[in-house]
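Some notes on the structure that comes next.
The values are calculated or read from the model by the stated rules, or taken from the named source; none is laboratory data. Just so it is clear, the structure is predicted and the values come from calculations on it, not from any experiment. Please note: Cβ atoms are built from the backbone with ideal geometry, for glycine as well, and neighbour counts cover all protein chains shown. Just so you know, the surface numbers come from the protein's heavy atoms only, side chains and all, with ligands and any DNA or RNA stripped out. Shrake-Rupley method; radii C 1.70, N 1.55, O 1.52, S 1.80 Å.
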Amino acid sequence: PQTAYWVSVEYQGVSYYSQFVLSDGISTTLDLPVVIYDTTTDWSTLRFEIVHIEIDISDGVLQVSEYFVFRNDSTETIVVETDGTYLPFIMLPDGVSKFERLAPDSGGASFLPALTGIALPPTSDAQYGVVASFSLPYDGEYEFSQYFPMPVDTLSLIVPEGVRIKTDQLSDSDPKEINGIVYQIFESTDLPSASLTIN
């Protein structure tokens with residue numbers, strides 16, 4: 001009684017899991033199905049549904065936080081080779097040597113463990129999320145350039161009100177107050193895989 005049971009299955013280098021079930025101490029049989037898929041290492045079918053880039057400025061530093069939302073609409077599990085410090089489809093901007101933070105969003109679909117990194121099963125009703133952060137030196141102006149190897153459905157750039165942005169890839173929208181601070185928001189939709197450059 002009150003013991004949690006689940007089933008795990010190893011298939012093509014990926015670990016799959018059933019849902020957790022608590023025993024009621026009466027039933028002697030539990031139904032714990034596990035859905036498995038064939039695998040591929042081709043992540044080109046992924047697409048960024050949302051990319052948020054938030055930039056704050058303090059003490060000569062640009063502190064950048066980015067949020068990526070994407071989905072696997074294929075019929076295969078995508079295995080991504082990584083040691084946990086990078087993802088091949090989330091690129092660092094020019095001038096940055098490493099992420100200060102790169103982690104799955106706790107509210108998104110779960111990555112699965114794979115022999116060479118992580119696995120992304122098909123997600124018909126859920127999205128994957130990744131949070132990234134890094135900092136850049138700032139002396140009053142900066143040319144920010146970041147490459148996106150996959151198309152982006154919606155991209156938003158959020159900066160404190162008063163910061164001047166020069167780009168022909170994003171459109172200015174109405175300012176928005178977040179936690180008592182007014183931010184300027186720049187947006188674009190249906191971006192092909194390409195670099196975003198702002199001054």
With R₀ set to 35 angstrom, the calculated FRET efficiency between the beta-carbons of Val35 and Arg101, to the nearest 0.05, is 0.70
Which of the following values of mean projected area of the Cα convex hull in nm² was calculated from the structure shown: [x] 21.4; [y] 17.0; [z] 14.2?
[z]
Using a probe radius of 1.4 Å on heavy atoms only, what accessible surface per residue do you get for the range 131-195? Whole Å² is fine.
57 Å²
List the extent of the Cα atoms of the range 75-122 along each of their three principal axes, largest first, rounded to whole Å.
36, 23, 18
Could you identify which residue out of Pro160, Pro33, Pro122 has the top mean-square fluctuation in a GNM of the chain using Cα springs shorter than 10 Å?
Pro33
Can you give me the Rg/Rh ratio for the range 21-79, using Cα atoms for both radii and the Kirkwood formula for Rh?
1.30
Along the charge dipole of the chain, Cβ charges K/R +1 and D/E -1, which of Phe89, Ser110, Ser133 sits furthest on the positive end?
Ser110
Mean projected area in nm² (Cα convex hull; one quarter of hull surface) for the range 1-104
10.4 nm²
Size of the dipole of the range 58-199 about the Cα centre, Lys and Arg at +1 and Asp and Glu at -1 on the beta carbon, nothing else charged, in debye to 20?
240 debye
Estimated translational D of the range 110-199 in µm²/s (Stokes, Kirkwood radius over Cα pairs; 20 °C; 1.002 mPa s):
135 µm²/s
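Using 0.36 nm times the number of residues separating Met91 and Asp172, minus their current alpha carbon distance, what extension gain do you get? Write down the numbers at each step before the final one.
Values: separation 81, 0.36 × 81 = 29.16 nm, distance 2.44 nm.
Contour length minus the Cα-Cα distance gives 26.7 nm.
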